[in-house]
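Engineer: I am attaching a structure below and will ask some questions about it afterwards.
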Amino acid sequence: QVQLVESGGGLVQAGGSLRLSCAASGRTFSNYAMGWFRQAPGKEREFVAAINWSGESTYLADSVKGRFTISRGNAKNTVYLQMNSLKPEDTAVYYCARYRGGSYYVTLSYDYWGQGTQVTVSS
């Protein structure tokens with residue numbers, strides 16, 4: 001059984017930064033691409049970022065390009081989301097997930113999910 005545990009969320013002012021972490025259990029973490037999604041109240045869960053198994057390829061939603069960076073540390077079984085220049089519209093619960101195949105940009109392509117971490121950006 002794979003477990004994903006997010007951390008690093010919190011309350012930050014607009015323009016500030018946060019770094020989210022997602023720690024994964026299991027010895028096969030480095031074999032899988034990983035993704036970050038977010039869900040704001042009353043909205044559907046949306047793609048934020050993804051990274052391939054080696055970390056050499058990354059994918060970002062247009063809304064976060066130039067502000068967010070995804071990275072991973074396979075030795076630590078951890079994937080990170082560095083969020084800079086945060087905006088109030090970034091407020092959401094952020095989830096990490098393990099990729100199983102298909103498009104990086106849709107939730108159906110991921111099989112295991114964390115419980116989420118709240119990010120709140122005040123104006």
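The values are calculated or read from the model by the stated rules, or taken from the named source; none is laboratory data. In this text, all values refer to a predicted model and were calculated from it rather than measured experimentally. Every residue, glycine among them, receives a Cβ derived from its backbone with ideal geometry; neighbour counts consider all protein chains shown. Quick note on the areas: whole protein, heavy atoms, side chains included, nothing else; ligands and nucleic acids left out. Shrake-Rupley method; radii C 1.70, N 1.55, O 1.52, S 1.80 Å.
Engineer: Answer yes or no as to whether GLU56 is within 18 Å of VAL106 (Cβ to Cβ) and not β-branched (Val, Ile, Thr).
Structural biologist: no
Engineer: Select, from GLY101, GLY116, the only residue that is modelled with pLDDT of 95 or more and under 16 Å from GLY8 (Cα atoms).
Structural biologist: Among GLY101, GLY116, only GLY116 is modelled with pLDDT of 95 or more and under 16 Å from GLY8 (Cα atoms).
Table: residues versus (1) within 24 Å of SER122 (Cβ to Cβ); (2) surrounded by fewer than 22 Cβ atoms within 10 Å (Cβ to Cβ); (3) without any contact (Cβ under 8 Å) to a residue 40 or more places away in the chain.
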{"position": "GLN39", "(1), (2), (3)": "yes, yes, no"}
{"position": "TRP53", "(1), (2), (3)": "no, yes, yes"}
{"position": "LYS76", "(1), (2), (3)": "no, yes, no"}
{"position": "GLN82", "(1), (2), (3)": "yes, yes, no"}
{"position": "LYS87", "(1), (2), (3)": "yes, yes, no"}
{"position": "ASP90", "(1), (2), (3)": "yes, no, no"}
{"position": "TYR95", "(1), (2), (3)": "yes, no, no"}
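Engineer: Give the residues of the stretch 34-44 that are closer than 16 Å to LEU20 by Cβ and in a loop (DSSP other than H, G, I, E, B), sorted by residue number.
Structural biologist: ALA40
Engineer: Considering SER17, SER25, SER21, which residue is among the polar types (S, T, N, Q), in contact (Cβ under 8 Å) with a residue 24 or more places away in the chain and open to solvent by less than 40 Å² (accessible area, probe 1.4 Å)?
Structural biologist: SER21
Engineer: Filter the stretch 61-73 for residues that are touching a strand residue (DSSP E or B) at 6+ places or on another chain (Cβ under 7 Å) and over 20 Å from THR120 (Cα atoms) and give the result.
Structural biologist: Passing the criteria: SER71, ARG72.
Engineer: Which condition from (1) open to solvent by 20 Å² or more (accessible area, probe 1.4 Å); (2) touching a Phe, Trp or Tyr at 6+ places or on another chain (Cβ under 9 Å) is the one that PHE68 breaks?
Structural biologist: (1)
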